[in-house]
Amino acid sequence: MATFSSKLPQTGVTIFTVMSQMAQAHQAINLSQGFPNFDGDARLIRWVEEGMQKGFNQYAPMAGLPALRTQIARWADHFYGVSLDPDQEITVTAGATEALMCSMLALIHPGDEVIVFEPAYDAYIPAIQLAGGTPIRIEMRPPDYAFDWEAVRQTISPQTKAILVNSPHNPSGTTWKEEDLEALKHIALAYDLIVISDEVYAHMVFDSARHHSVLNIPELADRRVVTYSFGKTLHHTGWKVGYALAPEWLTAEIRKVHQFVTFSVSTPFQYGIAQYLEHCLEDLEGLGGFFQRKRDLFLSLMEDTPFEPLPNQGTYFQTMRYDQLSDEPDHEFVKTLTKEAGVAAIPISAFYQEGTDHGVIRFCFAKDETTLEQAAIRLKKWRA
Ligand code: PMP
Ligand code: GLN
């Protein structure tokens, strides 16, 4: 074997792959990896097909189909009242994952520090590391998983280049308050940081709350990248279409990487999504209500189980404590649960570099009613 040292020595197969495979192997109901078990709007599928029939089958422009970028600009205006230039400020990517990776590779130099909150979505830290950066981790803790801005201030050094934030937050399901955005703004300006804001669950905010987007902080407009995922918004995670919104200078740098990572994103899918946004943009206003009803159903079904829900204000994930059932570490507990109860979940320790275990697991409730009901029945019966 050639002499080789891994660039990501601590990284294994993602917990989502591990748990989805385990769910399949044990015929468990899969509430682990975050994806819906239902299709989105049927018109979307017809529009993608129409794109193929009309010959949208060759490379799309590197930055994204102009029609889609125009519709994303319309979306940003409709939901956030911000005006974006589709040519200079919007880049269509292969999911938010690619947007995040390209942003890190483009903006972080070896030796730069990037602040990231833990529990952290699993793609963040490897992206920082591949760019040669050092992740500086700030711990969030149950039950409320609040953002500790004082801890952020204390960790900033001359090497700190960027801060990566995520709200609504995966896996905790908590969302920013206005004070969080204020603190973020002050810190980014005071210490000259780039803000990378992952807002893939922007439309999934509950209980009459509003999503506070970094897009709405004008002072950060020249130093922020905001990432989104049509996979999440349109219920088709397998389509892998997302986008990065950034000012012209940052967009130019991100595109330098994007053009060599994927060059461009599947053309008929871009066509279909552009048609959908042109005709159905307002439908996205109902997404929060749609998932809130699922959350409320799941919570009411779980009421008679020993699982204890933690606060949730957004995303399609519900965290729960299980200490009435077991004192196993969470990564062991989810395996036992999959094998014995027939329901798969995600251990939150997988989102901490050090494997910090607060005895909390995550269920995905983006499922049809029958699936949620069946899962709750199994969880109620187990160890009863
Ligand atoms: N960020 C977060 C917080 C996520 O949960 C996900 C998973 N959807 C992504 C980014 C990646 O999104 P995509 O599937 O569009 O690559
Ligand atoms: N975002 C999804 C989740 O949190 C997983 C996506 C993936 O498997 N990469 O469950």
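Bear in mind that the values in this text are calculations on the coordinates, not laboratory data. Everything numeric in this text was worked out from a predicted model, so none of it was measured. Cβ coordinates were reconstructed from backbone atoms using ideal geometry, including for glycine residues, and neighbour counts include every protein chain displayed.
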Where a residue in region 93-104 is closer than 7 Å to residue 242 by Cα and its partner, wherever it lies, is among the charged types (D, E, K, R) and within 8 Å of ligand 1 (Cβ to nearest atom), with Cβ under 6 Å and at least six apart:
94/240; 95/240
Of 205, 200, the only residue that is under 15 Å from residue 97 (Cβ atoms) and either of a type in the set (Val, Ile, Thr) or more than 16 Å from ligand 1 (Cβ to nearest atom) (or both) is 200
Filter region 315-366 down to the residues that are in a helix (DSSP H, G or I) and within 16 Å of ligand 1 (Cβ to nearest atom), then identify the one that is surrounded by the most Cβ atoms within 10 Å (Cβ to Cβ).
348
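Table: residues versus (1) closer than 22 Å to residue 41 by Cβ; (2) part of a strand (DSSP E or B); (3) more than 16 Å from ligand 2 (Cβ to nearest atom).
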{"site": "231", "(1), (2), (3)": "yes, no, no"}
{"site": "259", "(1), (2), (3)": "no, no, yes"}
{"site": "268", "(1), (2), (3)": "yes, no, yes"}
{"site": "273", "(1), (2), (3)": "yes, no, yes"}
{"site": "277", "(1), (2), (3)": "yes, no, yes"}
{"site": "288", "(1), (2), (3)": "yes, no, yes"}
{"site": "293", "(1), (2), (3)": "yes, no, yes"}
{"site": "299", "(1), (2), (3)": "no, no, yes"}
{"site": "306", "(1), (2), (3)": "no, no, yes"}
Return a yes/no flag: does region 58-74 have any residue that is on the phi < 0 side of the Ramachandran plot and either within 16 Å of ligand 1 (Cβ to nearest atom) or of a type in the set (Asp, Glu) (or both).
yes
Take region 208-236 and flag every residue that is surrounded by fewer than 21 Cβ atoms within 10 Å (Cβ to Cβ) and within 12 Å of ligand 1 (Cβ to nearest atom).
235
Restricting region 33-70 to residues that are within 16 Å of ligand 2 (Cβ to nearest atom) and buried (at least 20 other Cβ atoms within 10 Å of the Cβ), the one farthest from the chain's Cα centre (by Cα) turns out to be 36
Give me the pairs: first residue in region 145-172 and under 18 Å from residue 99 (Cα atoms) and within 16 Å of ligand 1 (Cβ to nearest atom), second residue of a type in the set (S, T, N, Q) and part of a loop (DSSP other than H, G, I, E, B), beta-carbon distance under 6 Å, and six or more apart or on different chains, which are they?
167/175; 168/175; 168/315; 170/315
Among the residues of region 7-32, what is the count of those that are more than 13 Å from ligand 2 (Cβ to nearest atom), among the small types (Gly, Ala, Ser) and surrounded by 16 or more Cβ atoms within 10 Å (Cβ to Cβ)?
1
